[in-house]
Amino acid sequence: MNFTILRFDKINSTNTEAINQAKRGAEEGFCVAAREQTAGRGRHGRIWISEKDAGLYFSIVLRPKIETRFLPLITLMTAVAVHDSIENKFKIECDIKWVNDIHVNEKKICGILAETVETEKGLAVIVGIGINLKSSNFPPELKESATSIEAETGKTPNVEIFLPILTSFLEKYCDLLYEEN
């Protein structure tokens, strides 16, 4: 998979931009990353707090060559890729909370949102990933239920070092998923 990353300082939603890019013909592996989102979202229309440089806000266009009935596996595959990239890079033991969250010590550190869109090139699956890098920006109601890489390691993570690790795990597990189906 070839990765092309379109970067923004500020955007409404990386998933929305990735959907628009997919409709314009973006290939599999096209990614949108932002330092801040003004309208980040999670499942069921929930808001994803996306303050500047406090998280990795990232969406990828996938054009899976699998049967439609296996599409739900993409969210699980992404969760495994995120899980393994966090454990590999930061040595943080984490768990997948079925099927779209990653938790550390029962606190949410990452959310995943997969959306499908029909395009002229066929079906595209847009997978958004929000990973909490810092927790200093959390509103009081999230302090007990969410955590961050910084809170767990005591160090501020470098997105530019972490992103290639994440994309390599995404590529590895996409290849495995596509081979099996």
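The values are calculated or read from the model by the stated rules, or taken from the named source; none is laboratory data. Here the structure is a predicted model, which is why all the values come from computation and not from measurement. Positions of Cβ are backbone-derived with ideal geometry, glycine not excepted, and every protein chain shown enters the neighbour counts. SASA here: full protein model, heavy atoms, side chains in, ligands and nucleic acids out. Shrake-Rupley method; radii C 1.70, N 1.55, O 1.52, S 1.80 Å.
For the chain, which longest stretch is free of loop sites, where a loop site is one of the trypsin sites (Lys or Arg not before Pro) that DSSP puts outside H, G, I, E and B and that has at most 13 other Cβ atoms within 10 Å? Working shown, then result.
On the way: sites that count: Lys10, Arg24, Arg46, Lys52, Lys65, Lys91, Lys143, Lys155.
Result, exposed sites excluded: 92-142.
Tilt of helix 159-180 relative to the longest C-alpha principal axis of the chain, in degrees (0 to 90, nearest 10)?
Roughly 40 degrees between the two axes.
Show that you can apply the helix-only estimate: for the chain, add -39,500 (n - 2.57) for every DSSP H stretch of four or more residues, divide by all residues, and state [θ] at 222 nm to the nearest 500.
Working: 4 runs with 55 residues, N = 181.
After summing the helix terms and dividing by residue count, I get -10000 deg cm²/dmol.
Which whole-number value in Å² is the accessible area per residue of the chain, probe 1.4 Å? Provide the component values of the computation, followed by the final result.
Details: 9130 Å² over 181 residues.
That works out to 50 Å² for each residue.
How about the range 85-181: which GluC sites (Glu not before Pro) there are in a DSSP loop, with at most 12 other Cβ atoms within 10 Å of their Cβ? Before the final figure, lay out each step's value.
On the way: sites: Glu87, Glu93, Glu106, Glu115, Glu118, Glu120, Glu141, Glu144, Glu150, Glu152, Glu160, Glu171, Glu179, Glu180; in loops: Glu93, Glu106, Glu120, Glu144.
Here the GluC sites (Glu not before Pro) that fit, given the DSSP loop and packing criteria, are Glu93, Glu106, Glu120, Glu144.
On a 0 to 90 degree scale, rounded to 10, what angle separates helix 14-23 from the longest Cα axis of the chain?
10
Place a +1 charge on the Cβ of each Lys and Arg in the range 65-104 and a -1 charge on the Cβ of each Asp and Glu, then give the dipole magnitude about the Cα centre in debye, rounded to the nearest 20.
Working: 5 positive and 6 negative charges, 30 e Å.
It comes to approximately 140 debye.
Just need the relative contact order of the range 44-181 here, percent rounded to a whole number, with Cα pairs under 8 Å and 6+ apart. Intermediate results must be reported in sequence, preceding the final value.
Working: 206 pairs, mean separation 41.2, N = 138.
Rounded, it is 30 percent for the range 44-181.
All other residues with a Cβ under 14 Å from the Cβ of Asp53 taken together, and with Lys, Arg as +1 and Asp, Glu as -1, what is their net charge? Mind showing how you got there, number by number?
Details: positive: Arg7, Lys10, Arg35, Lys52, Lys134; negative: Asp9, Glu36, Glu51, Glu150, Glu160.
Every neighbour counted, the sum reads 0.
Show log10 I(q)/I(0) for the range 81-130 at q = 0.14 Å⁻¹, two decimals, from a solvent-free Debye sum over equal Cα scatterers.
One equal scatterer on each Cα of the range 81-130 leads to -0.43.
Sum up the charges of everything whose Cβ sits under 12 Å from the Cβ of Ser145, counting Lys and Arg as +1 and Asp and Glu as -1, but leave Ser145 out.
Working: positive: Lys97, Lys107, Lys108, Lys143; negative: Asp101, Glu106, Glu141, Glu144.
That sum, taken over residues with Cβ under 12 Å, equals 0.
What does the convex hull of the Cα atoms of the range 1-114 come to per residue, in Å³, rounded to a whole number?
So the per-residue Cα hull volume is 120 Å³.
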